[in-house]
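The values are calculated or read from the model by the stated rules, or taken from the named source; none is laboratory data. Keep in mind the model is a prediction, meaning the values are calculated, not measured. FYI the Cβ positions are ideal-geometry reconstructions off the backbone, even for glycines, and counts take in every protein chain you see.
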Amino acid sequence: MVAQTPLSPATQLKEEQKKLLHNINIISIDSAIVRRLTPFIQSQVDSIRLFIYADKALPAAEKEKAEQSLLFFLNEMGENILKQKMDVYDIPGAIGSYKNILKALMYHRSFTGMMTAPGPRRSQLLARAFRQYKDFPLLDDIAVYKRIASTPEFIVQFLENQPGFRYADSLMIYAAVYDPLKLTSSSGLQNNIRHTKNIYLQQIVALAGDKNAKELLPFATQIAENGITADSVLKIRMDVTKYFQLMVDRLKESGGRNNSADIFRQLIRNGVKEKSLSFYVNHINDQHSAADAIRFAPVKDLRPEDIYYIITSCGDELYTSSYLGLYKRLMAHFKGQSADSLFSIVQYDNFRTFMRMAANYNVLANFLSSMSQEKAAELLKRFIYGIETDTHSGLEKAMDIADAFTGLDSVAWVSDQIQNELRSNLHRCQSGQQYFGMRLYSILLQVLDLVRQKNSFNKLWATLGNYEILERKALQNKKAEIIQLVLFYGDDDGIASFSNFKKLFIDTSKWEISKRTSWIKIRSRSDEPVIIYANLPLDNKEELDLKAQDSLFDFLKQQSEEPSVLIHRGHSYHLSNTLKGLTPSVKLAILGSCGGSNNAISIASISPDVQIIASKKTGTKSINDPLIDIINESLQNKRDLNWSALWDELTSRFAKDESTLNLFNEYIPPSKNVSLFVLKLFNHSNRTL
């Protein structure tokens, strides 16, 4: 046999490039980015190889090792792309990090500072690329440190197995912030804890055993620095308002710091959220049926920054009416003055969270109207800028921006400002070869253009399918049946909703109802029937309503019945339970809950083709029942669901009652759910409209 001639390093690099580009083409659905990445990667590889061999004084062995690292880097990146452990949008940044560290290693300079910015996965990629260097153990430890620090619940277990880890002290700090009691109770780490020299960690350990630990831990750094005593904190704790305001003040003060104590700011955040819930939000939510004077009494004496942190710390736990009530009381502090001064008070902490929630609940236009156009433009610029910096949250941020389109499109200068900012950011990303940002801002500009043109959604329908119409046949199963799943909850509102819901089907010539122990079945009297399953709203205090739902889920599974319509009939805090009934077969989701539109990502991830009807503010049975009735009437008469026609008919029906019409105007039909269009365009293979 003739021995094969080893491939030259240059040929090997070409082969690895081919493999990488092949894997990118397999995984990526963004053909425009793939076209841009191909020449970019080729030019970068050529540039790196030229750099390696340009210095004649560099020993040949060093050059070979450097070139070998480039092979390893391309190989690792290709494998990570194929296994979806790396996003294609991270490739330019990863190449930039690789070049910086390669240069440092070739000339024996420090590289630890260059490993600060990369996340856990990129750090691991870089470490693997330089595994033939003597510095590999340090690089690998940095990568391991970042990976473990990103999952603080596993830090104690890791350190118990490896107490001598290079960055054990730093990991203990993360563990102490995440769960101080778990850290201090670990028998395997007592030696590490005793020998730590970090005064903040020492203080947390000392406080963790105190019976008042939960009240004191938010102030651990201040106590360690002798800025306050534990006794004075406990004395202030006797007054709920003063104690909460002390935490808020501490959070505001720590915002301007940039030192080794910065990581411990999370302790204050944890405390602010915990007390926001226990002092205020739980009461406000529980009293949702009470008069506002009673419901919001606990926040009567709070400052604007206190209410701001309650809102931005407890977004997921707030009922919609709770949010709107708190927002109203927050804005009452700025009568006669510019509301943007709020952000000066809190140093723009939680800024994006506040703006996102205002957009989600359709009060952003109101907020911006309480300041000058110049100030509003500055806030919009800050809100829109830089969403590409994190590939994990960038898409959600883009959807938040899109949420603002429909609420602000009636104000011409605001719409123009948004368009200008989107264009500016797109150009910035194009200049800096920020491919993720290019895609996000391009999609946002396309969707904004559709919103501004009002009736030009036909461009979008050509790409994604027509969201103006939901064809009846798309809802039918193989037996030509349309299966609906309606989920109720056993609180007072749920019981009342269920009673009203049943009245929609009292015409026995059209509907027949059968009852089981924990649910009912409603069937239309037609050859292509609509079949509705709804659980009984049994006692929610005993969770009997959830057990009824589980019983219904089990029945549907046994009968191989797959609902194509999912209807949520409950408050927003029940929605997570309703989503357990969501399957890929669902083509229409009606979220009567307050703020239901906020859950679009989780719903669309389970059922990518779903059309969603939701309320941005207050969902109510006075809207939900007529909406369900008109949909079922259309389906019974074998008509497709034309959302424009249905919305016109409902608008006419509600026109006699202004308050009801205003509530209905907060409902979003599938054809106007612009934030969902951003998600669908991002996931679509061809993003050009």
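Looking only at region 221-251, which residues are touching a residue at least 12 places away in the same chain (Cβ under 8 Å), small (G, A, S) and within 29 Å of K300 (Cα to Cα)?
Selection gives A230 alone.
Which residue pairs have Cβ atoms closer than 7 Å, lie 6 or more positions apart in sequence or on different chains, and pair a first residue in region 659-684 that is without any contact (Cβ under 8 Å) to a residue 24 or more places away in the chain with a second residue that is outside any helix (DSSP H, G or I)?
L661/A655
Any idea which residue in region 72-115 is modelled with the lowest pLDDT, counting only those that are surrounded by 16 or more Cβ atoms within 10 Å (Cβ to Cβ) and hydroxyl-bearing (S, T, Y)?
Y89
Any chance you could count how many residues in region 606-642 are modelled with pLDDT of 75 or more, out of contact with any Gly (no Cβ under 6 Å at 6 or more places or on another chain) and not in a strand (DSSP E or B)?
Final tally of qualifying residues: 25.
Could you say which residue among S671, S634, S652, S622 is small (G, A, S), surrounded by fewer than 21 Cβ atoms within 10 Å (Cβ to Cβ) and within 30 Å of the chain's Cα centre (by Cα)? Working first, answer last.
Details: S634 fails: within 30 Å of the chain's Cα centre (by Cα); S652 fails: within 30 Å of the chain's Cα centre (by Cα); S622 fails: within 30 Å of the chain's Cα centre (by Cα).
Exactly one residue qualifies, and that residue is S671.
Does any residue in region 152-163 that is among the β-branched types (V, I, T) come within less than 7 Å, Cβ to Cβ, of a residue that is at pLDDT below 95 and not in a helix (DSSP H, G or I) six or more places away or on a different chain, and which pairs are these?
V156/S186
For region 469-478, indicate whether the set of residues that are surrounded by fewer than 16 Cβ atoms within 10 Å (Cβ to Cβ) and at positive phi is non-empty.
no
Let me confirm something: among D403, D409, which residue is under 21 Å from the mean Cα position of the chain (by Cα) and touching a residue at least 24 places away in the same chain (Cβ under 8 Å)?
On inspection, the qualifying residue turns out to be D403.
Just to be sure, is S593 modelled with pLDDT under 80, in a loop (DSSP other than H, G, I, E, B) and buried (at least 21 other Cβ atoms within 10 Å of the Cβ)? Give the steps one after another, and end with the answer.
On the way: modelled with pLDDT under 80: yes; in a loop (DSSP other than H, G, I, E, B): yes; buried (at least 21 other Cβ atoms within 10 Å of the Cβ): yes.
Yes; evaluated as a whole, the condition is true for this residue.
Go through I307, I263 for me and flag whichever is among the aliphatic types (A, V, I, L, M), touching a residue at least 12 places away in the same chain (Cβ under 8 Å) and surrounded by fewer than 18 Cβ atoms within 10 Å (Cβ to Cβ).
I263
Which of the helices (runs of 4 or more DSSP H) contained wholly in region 361-434 include at least 3 residues that are within 23 Å of Q453 (Cα to Cα), among the acidic types (D, E) and at pLDDT 90 or above? Even if it seems obvious, please write down each step before you answer.
Working: elements: 364-368, 373-384, 394-408, 412-431.
Qualifying helices (runs of 4 or more DSSP H): none found.
Could we say that I155 is touching a Leu at 6+ places or on another chain (Cβ under 6 Å), modelled with pLDDT of 90 or more, buried (at least 16 other Cβ atoms within 10 Å of the Cβ) and part of a helix (DSSP H, G or I) here?
yes
Could you list, in sequence order, all residues of region 532-554 that are closer than 19 Å to I590 by Cα and polar (S, T, N, Q)?
Within region 532-554, N535, Q549 qualify.
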